[in-house]
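K.L.:
My questions all concern the structure below.
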Amino acid sequence: MQKSKLTTPFGSWPSKITAELITRAAPSLNWVQSHGDRLFWVENRPWEAGRSVIMCKQADGQIIDLFSSPFSHSSKVHEYGGAAYTIAKDMLYFVNAADQRIYQLDLIGNKTPKAFTPEGPWRFADLIIDEINGALIAVCEQHRENHEPENYIASIKLNRENVVIERLVSGADFYAYPRLSPDNQQFCWIQWDHPQMPWDATQLWRADYRDQSLSNHQLIAGEKNSEAIFQPQWSPDNQLYFVSDENNWWNIYRFNLGHHESVFTSETEFATPLWQLGMSTYCFLDDHRIGCSWTSDGIWQTGVINTKTHMLTAIANKYTSMHGICSHGGNICMVAGAAAIPEEIISITPPSISAVVYSPASLPIDTEEFSQPESIFFPTTGGQTVHAFYYPPTNTLHSADNSDLPPAIAICHGGPTGATDSGLNLKIQYWTNRGFAVVDINYRGSTGFGRTYRQELVNAWGLADVEDTQYAMTYLASKEKIDLDRCIIRGGSAGGYTVLSALTFTDTFKAGASLYGIGDLETLATDTHKFESRYLDSLIGPYPAQKDVYKARSPIHHAEGLNCPVIFLQGLEDKVVPPNQAEMMVNILQQKDIKVAHVTFDDEGHGFRKANNIIHAMESELNFYRQVFDLEEIQ
């Protein structure tokens, strides 16, 4: 018999989904790789101070950690890093977080990792092995005093006593996806230059590869600087495949007889923005079958493309969020999850059999406590339609009075070139289980909806995204799903800029949370790292030519419009968004005698990785909202 619920106000419900539980219950997984009969992946552990561990499922089925503390897998190339390990026979090579050196670990001897590259100004990511010539190849970022870092593709001999980092490809501002063909005769990569970002315009190159040197360089795609290339990959029969958005949607193509042809065409996306190196959405099961994942309306699916017939066969399963795909023993392996399923490593045997390889989550929570997202589309300015996921307040023991409407939190994802999906996000469930509604918005400029939608934010950042958050809330209020008088907006990084802009230039929201957010666009344009140093050229306009626009859209220059409470959460080691931006906004609010909180972490950078800090940040934010809206937790 179902228990009757207690009638208690929205936003005051007690919950077992604590901040501490979030840091321990469902670790994030990524970077799945297959080598022979072993499967590898990376697990991030906030409870170990954010340490990332490379794990392995061995041939006998045993799952082990490959190294212990203090070693941690993490690259700082582009500041966002990405995949940073590879295996050669029985030797693991990985980038260690603390010093950014490549280490090697004997997988048979199970010894302590030892440094492979020397100390120096280098950072590495997207590692691959040339076993025939005995070399490690990687994207390298070499830092220089008083100059931008230099990016290139490096080649490093494995068996030299004195390690030498040699340039294999150089001259462009950025590189990604160095890949060798199976016969070791061809080499490919993508590159791009300022002011482009990798989701704006990149070029795909190939060259002949002999004795660790390249010849006969050939531009394959991207000649007009009007398409974004993602994940070039060689098939088992040495043909070059890649993802391109030349026809608006990120679809898979093949280079054949001097031109490239579509492998499968649809109004779906087989790629995500290349914020981290080594991302993967497809793999080869054999010469003519591609295991793949794609997104449509924010929902991820998986299937198999037959490259001979150009047919896609979808594989039905319970997952709606997928990434990090690879082929392993003829199966498709990846990280997968859903609204009520934490991330796990799965293996799919086409056409329909799926199995869980590794499921680290330990959730002492009934899935009925989880709010199920509703995919919605709502109108915004100019007749445009925008996507979001709406999460209603959900709690098995509590409900509110039928005449009451819940306070609502609008979430602005980072990037701003990024997207949100419907995978389990305990940080969202933290709010919904306490009686808040949550609206997770794929505002114009988000990925997953075609290039045209993605480019709706060109010269419109701080305008289109802000409008979309407003329209999302007014739309849901018109459907009597939320209380428009208790609307909150929160976001991190670029999402934090949308937060501050919405609070400064509109009056829709009554409180906000900026997590390492941007208050001064000029500072971001002149004082950030190389990867994003020209990002604002497209989002705002070239600087300093458009200096007036930068000032006009910077909340810090219009703080007189900021008249509601805000909490700022900031890592003091942040190299992407300087901490002084939060300080300036806090000072302005204090001078205006408006409620403000400023929570800083001296051991965090751009984003919070350590359990104690995550807990403190979440609890501080909850307490702040409850103080603002006079909500007291029911005991």
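K.L.:
Hey, can you tell me all the residues within the stretch 385-410 that are in contact with a Ser or Thr (Cβ under 8 Å, 6 or more places away or on another chain) and more than 20 Å from residue 432 (Cα to Cα)?
P.N.:
386
K.L.:
To continue, here is another question. Looking at 395, 442, 433, 402, which one is modelled with pLDDT under 95 and in the same structural domain as residue 531 (by TED's automatic domain parsing)? Break it down into steps so the answer makes sense when it comes.
P.N.:
Details: 395 fails: modelled with pLDDT under 95; 442 fails: modelled with pLDDT under 95; 433 fails: modelled with pLDDT under 95.
Of the residues listed, the single one that is modelled with pLDDT under 95 and in the same structural domain as residue 531 (by TED's automatic domain parsing) is 402.
K.L.:
On to the next question. Taking the conditions exactly as written (acidic (Asp, Glu), touching a residue at least 60 places away in the same chain (Cβ under 8 Å) and either buried (at least 21 other Cβ atoms within 10 Å of the Cβ) or touching a Phe, Trp or Tyr at 6+ places or on another chain (Cβ under 7 Å) (or both)), does residue 79 satisfy them or not? Can you show your working first?
P.N.:
Values: acidic (Asp, Glu): yes; touching a residue at least 60 places away in the same chain (Cβ under 8 Å): yes; either buried (at least 21 other Cβ atoms within 10 Å of the Cβ) or touching a Phe, Trp or Tyr at 6+ places or on another chain (Cβ under 7 Å) (or both): yes.
Yes, satisfied.
K.L.:
Any residue in the stretch 205-217 that is of a type in the set (D, E, K, R), surrounded by 15 or more Cβ atoms within 10 Å (Cβ to Cβ), at pLDDT 95 or above and in a strand (DSSP E or B)?
P.N.:
Yes, some residue in the stretch 205-217 is of a type in the set (D, E, K, R), surrounded by 15 or more Cβ atoms within 10 Å (Cβ to Cβ), at pLDDT 95 or above and in a strand (DSSP E or B).
K.L.:
I would also like to ask the following. Among the residues of the stretch 619-633, are any at positive phi, part of a loop (DSSP other than H, G, I, E, B) and either without any contact (Cβ under 8 Å) to a residue 24 or more places away in the chain or among the basic types (Lys, Arg) (or both)? Steps first, answer last, please.
P.N.:
Applying the first criterion (at positive phi) to the stretch 619-633 yields 630.
Still in the running and part of a loop (DSSP other than H, G, I, E, B): 630.
Those still in the list that are either without any contact (Cβ under 8 Å) to a residue 24 or more places away in the chain or among the basic types (Lys, Arg) (or both) too: 630.
Yes, because at least one residue in the stretch 619-633 is at positive phi, part of a loop (DSSP other than H, G, I, E, B) and either without any contact (Cβ under 8 Å) to a residue 24 or more places away in the chain or among the basic types (Lys, Arg) (or both).
K.L.:
Let me ask something else. Would you list the strands (runs of 3 or more DSSP E) that sit entirely within the stretch 68-170 and hold 3 or more residues that are not hydroxyl-bearing (Ser, Thr, Tyr)? Full working, then the answer.
P.N.:
Values: elements: 85-88, 91-95, 102-106, 122-130, 135-144, 147-157, 165-169.
Fully inside the stretch 68-170 and qualifying: 91-95, 102-106, 122-130, 135-144, 147-157, 165-169.
K.L.:
Still on this model: Conditions: (1) touching a residue at least 12 places away in the same chain (Cβ under 8 Å); (2) farther than 26 Å from residue 425 by Cα; (3) in a loop (DSSP other than H, G, I, E, B). Residue 13 meets all but one. Number of the miss?
P.N.:
Among (1) touching a residue at least 12 places away in the same chain (Cβ under 8 Å); (2) farther than 26 Å from residue 425 by Cα; (3) in a loop (DSSP other than H, G, I, E, B), the lone unmet condition for residue 13 is (2).
K.L.:
Among (1) outside the structural domain of residue 74 (by TED's automatic domain parsing); (2) of a type outside the set (Val, Ile, Thr); (3) under 30 Å from residue 451 (Cβ atoms), there is one condition residue 151 misses while meeting the rest; what is its number?
P.N.:
(1)
K.L.:
What is the number of the single condition among (1) in a loop (DSSP other than H, G, I, E, B); (2) over 30 Å from residue 174 (Cα atoms) that residue 56 does not meet?
P.N.:
Exception for residue 56: condition (1).
K.L.:
Something else now. List pairs: first residue in the stretch 372-384 and farther than 14 Å from residue 437 by Cβ, second residue basic (Lys, Arg) anywhere in the structure, Cβ distance under 8 angstrom, at least six positions apart or on different chains.
P.N.:
As it stands, the answer is 380/444; 384/444, since those pairs meet every condition given.
K.L.:
Further question: Within the set of pairs 6 or more residues apart or between chains, which connect a residue that is modelled with pLDDT of 95 or more inside the stretch 166-186 to a residue that is of a type in the set (D, E, K, R) and surrounded by 18 or more Cβ atoms within 10 Å (Cβ to Cβ) with Cβ atoms less than 8 Å apart?
P.N.:
Close Cβ pairs satisfying both conditions: 173/530; 176/126; 177/126; 178/126; 180/130; 184/130; 186/206.
K.L.:
Which of the residues that make up the stretch 440-456 are surrounded by fewer than 24 Cβ atoms within 10 Å (Cβ to Cβ) and within 16 Å of residue 537 (Cα to Cα)?
P.N.:
Matches in the stretch 440-456: 455, 456.
K.L.:
Here's a follow-up. Out of all the residues in the stretch 473-486, is one or more of a type in the set (Phe, Trp, Tyr) and either crowded, with 24+ Cβ neighbours inside 10 Å or without any contact (Cβ under 8 Å) to a residue 40 or more places away in the chain (or both)?
P.N.:
no
K.L.:
Now for a separate question. Condition test on residue 181, is it out of contact with any Asp or Glu (no Cβ under 8 Å at 6 or more places or on another chain) and hydroxyl-bearing (Ser, Thr, Tyr)?
P.N.:
Yes; evaluated as a whole, the condition is true for this residue.
The values are calculated or read from the model by the stated rules, or taken from the named source; none is laboratory data. In this text, all values refer to a predicted model and were calculated from it rather than measured experimentally. Positions of Cβ are generated from backbone atoms using ideal geometry, with glycine treated the same way; all protein chains shown enter the neighbour counts.
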